[in-house]
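Structure incoming, see below.
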Amino acid sequence: MDDLKKEPTYIKTFSSDELALSTKNLSVLYGGTIQKLFNVSLGFKKNAITALIGASGSGKSTFLRSLNRMNDKVATVKGNIIFHGLDVNKPNINVYELRKNIGMVFQKPNPFPKSIRENITYTLKADGQKDKQKLDQIVEESLRAAALWDEVKDKLDKSALALSGGQQQRLCIARAIALKPEILLLDEPASALDPVSTAKLEDTLKQLRSRYTMVMVTHNMQQASRISEYTAFFHLGHVLEYDVTSNVFTNPKGRITEKYIQGSFG
Amino acid sequence: MHAKRNDKIATVFIYIFVAIVICILAGILGEILITGLPHLSWHFLSSSASSFQAGGGVRDQLFNSVYLLILTIAISLPIALGAAIYLSEYAKDNWITNTIRTSIEILSSLPSIVVGLFGYLLFVIQFNLGFSIISGALALTFFNLPILTSNIEQALEGVPQSQREAGQALGLSNWKTIRGIVLPAALPGILTGIVLSAGRVFGEAAALIYTAGQSGSTIDYSNWNAFSPTSFLNVMRPAETLAVHIWKVNTEGIIPDATIVSAATSALLVIVVIIFNFGARALGNMLYRKLTASNTK
């Protein structure tokens, strides 16, 4: 484990016009001394789903949460995060604007304890959108995009907490895309859901693929192979392999990746 | 077999302890209500206290208690809310924060008579406010702030971290997340905190004896000019509350029906506190349903 730095890595790269978001030498330190992520340089292709896989503690969630600066308060994030040619890991970046462009969906569904409609409109209203017709339109568009509209259109003013876990998670996706982001970060979005809800969520993500760039952390390798085009394998804070998903799963280049794919650890 | 026997013994003991607590509670409440309720009458509630003869009421004391409570909550709630939001949402986990928390804990166990003497020296003497409602309200604020702050802080901390993350990930500022998401979610807890502390404030006597005073001035309930000395709204007039009245008729009172008056007043005090509790709970549930839209479920 101590010679991970010498371990050969196999990282796919994209030409810059294909990229939606990329990192350069991203490192994350907790409490100034405990390093959880080591010089990760990854590029994410536009309008594709990229899966981040790896064992618990491999740093994949830490990496994901750094991309929209959610780690600002808890850790030190060094390196560059390039979004539209701009390094958004600089202190002078308006993180609130950034997060509207890079949405996030969490492991556990976390709808606000408000009505379904308000879950979507609250942030829009806070943003200054007051036109009721426009708001209604965005609510419908977002819920349709998240494949939730047909299930909730008759109860938009009822509590979001009355929805099932899977519906809540799709509401969280609708809430994120209502802000019209370019990128969606998904932190194990299906891990708290049952198989049926998971399948629905995956369908939704597949439908959203053409319009959004998605980066998804997952524990579930079947899920990664089902819906992602690219897969990055994280191991103890290092990215050891990043390639087209089918290559990672059927023909891994690194020996640790191969072991993980075969289920020897994790 | 041992495990089973021990479990049975433990269960029996737990039931006994619960029974003791319930007996004590029921005993106190029963005693107060049984001795007091028969003497509670509209006449008792609507006439002023008498100094020498029997048959006096507690109209002014009741009003003073409520008025003092409203003033105290009005002063202490914004301060406690601000402090609690700071402690739960903004403060970093370091020695300064820990010192503040420890101080609040110590303050909340401060004997109320000490708060009363402090209020006497500071507000009554130093600020020259005299024995007045405002002195009493300020002393009660001191008495109330620590508990209210930690109650509200607990309510805020009860809101799952994932809610804050959700707000932040949607590009809401810290303050917008707190105001629009955390506070509404914590509202039922905050209301419970307010009610718990209100009960304490309403029944407080020691902190008021030296600050709001023990004498009632002549009050005119039709005088709405808050600056007039006889107005019921005047905060500079001395004001005896229900709890202080109980203390007074039992120590210095020379009315012949002192036991009846204090029993009835005690019952009144308890009933009002119970009404507060249920009222606030209903209000909290109503607000929660309204804010979370779960009433249309």
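Values in this text are rule-based calculations from the coordinates and carry no lab data. Just so you know, these numbers come straight off a predicted model, no measurement behind them. All Cβ positions, even for glycine, are placed from backbone atoms using ideal geometry, and neighbour counts span all protein chains on display.
Most exposed first by the Cβ proxy, i.e. fewest other Cβ within 10 Å, how do A:VAL40, B:VAL270 rank?
If I rank by nearby Cβ atoms, fewest first, I get B:VAL270, A:VAL40.
For the protein assembly as shown, give the share of DSSP beta bridges that are antiparallel, in percent and rounded to the nearest 5; count only bridges with both residues there.
That works out to approximately 50 percent antiparallel.
Using alpha carbon centroids, what distance separates the stretch A:221-266 and the stretch B:182-239, in Å?
Cα centroid to Cα centroid, the span is 67 Å.
Report the local net charge at A:VAL139: Lys and Arg +1, Asp and Glu -1, summed over other residues whose C-beta lies under 15 Å from its C-beta.
Local net charge: +3.
Which value at 222 nm does chain B reach when only helices count, each DSSP H run of 4 or more adding -39,500 (n - 2.57), with the total divided by all residues and rounded to the nearest 500 deg cm²/dmol? Intermediate values should be presented prior to the final figure.
Numbers: 12 runs with 196 residues, N = 297.
Result for chain B, helices only: -22000 deg cm²/dmol.
At 0.890 mPa s and 25 °C, plugging the Kirkwood radius over alpha-carbon pairs of the stretch A:4-261 into Stokes-Einstein gives what diffusion coefficient in µm²/s?
Numbers: Rh = 18.8 Å.
The estimated diffusion coefficient comes to 131 µm²/s.
May I pose another question? Could you list, in their original order, any pairs among A:LYS114/A:LYS158; A:LYS24/A:LYS78; A:LYS134/A:LYS206; A:LYS6/A:LYS90; A:LYS36/A:LYS100 whose Cα atoms are separated by more than 18 Å? Intermediate values should be presented prior to the final figure.
Working: A:LYS114/A:LYS158 8 Å; A:LYS24/A:LYS78 9 Å; A:LYS134/A:LYS206 27 Å; A:LYS6/A:LYS90 30 Å; A:LYS36/A:LYS100 26 Å.
Over 18 Å Cα-Cα: A:LYS134/A:LYS206; A:LYS6/A:LYS90; A:LYS36/A:LYS100.
Here's a follow-up. For the residues A:MET216, A:MET221, what sequence is obtained by ranking on other C-beta atoms within 10 Å, fewest first?
A:MET221, A:MET216
Partner chain Cβ atoms within 10 Å, averaged over the residues of A:108-116 - can you pull that number for me?
Partner-chain Cβ atoms within 10 Å, mean over residues of A:108-116: 6.
Let me ask something else about it. Taking the mean number of other Cβ atoms within 10 Å as a proxy for protection, how do you rank A:136-149, B:200-213, B:117-130 from highest to lowest?
Output ranking for A:136-149, B:200-213, B:117-130: B:200-213, A:136-149, B:117-130.
Given labels modelled 7 Å from the Cα in the Cβ direction, how far is it in nm from B:ASN6 to A:ALA199?
With each label point 7 Å from Cα toward Cβ, the separation is 4.9 nm.
Rounded to the nearest 0.05, what FRET efficiency do A:THR76 and A:PHE14 give with R0 = 35 Å and r taken as the Cβ-Cβ distance? Could you check? Before the final figure, lay out the partial values.
On the way: r = 28 Å, r/R0 = 0.79.
Efficiency for this residue pair is about 0.80.
On to the next question. Note the angle between two axes, namely the Cα long axis of helix B:59-85 and the longest principal axis of the Cα atoms of chain B, as a number of degrees from 0 to 90, rounded to the nearest 10.
In chain B, helix B:59-85 runs at an angle near 20 degrees to the longest axis.
For chain B, set up a Gaussian network in which alpha carbons nearer than 10 Å are linked by springs, and say which option among B:THR251, B:THR192, B:THR241 fluctuates the most.
Most flexible of the set in this elastic network: B:THR251.
Please state, as a whole number in µm²/s, the translational diffusion coefficient that the Stokes-Einstein equation yields for the protein assembly as shown at 20 °C and 1.002 mPa s, with Rh defined as the Kirkwood radius across alpha carbon pairs. Show your work: numbers first, answer last.
Details: Rh = 28.2 Å.
Reported coefficient: 76 µm²/s.
OK, next. In whole Å, what are the extents of the stretch B:40-296 along the principal axes defined by its C-alpha atoms, from largest to smallest?
Cα extents, longest axis first: 69, 47, 34 Å.
On a C-alpha basis, how far is the centre of the stretch A:114-180 from the centre of the stretch A:93-108 in Å? Whole number, if you could?
Distance between centres, Cα-based: 17 Å.
Right, next: So for A:PHE249, B:PHE131, fewest C-beta neighbours within 10 Å to most, what's the order? Mind dumping the intermediate values first?
Details: A:PHE249 18, B:PHE131 23.
Exposure proxy ranking, most exposed first: A:PHE249, B:PHE131.
Would you mind calculating the gained length between A:GLN133 and A:LEU86 on full extension (0.36 nm times residue separation, minus the Cα-Cα distance), in nm to one decimal?
Taking 0.36 nm per residue and subtracting the Cα distance, the gain is 13.5 nm.
In addition: In whole Å, what are the extents of the stretch B:107-165 along the principal axes defined by its C-alpha atoms, from largest to smallest?
Each principal axis gives a Cα extent; for the stretch B:107-165 these are 50, 19, 15 Å.
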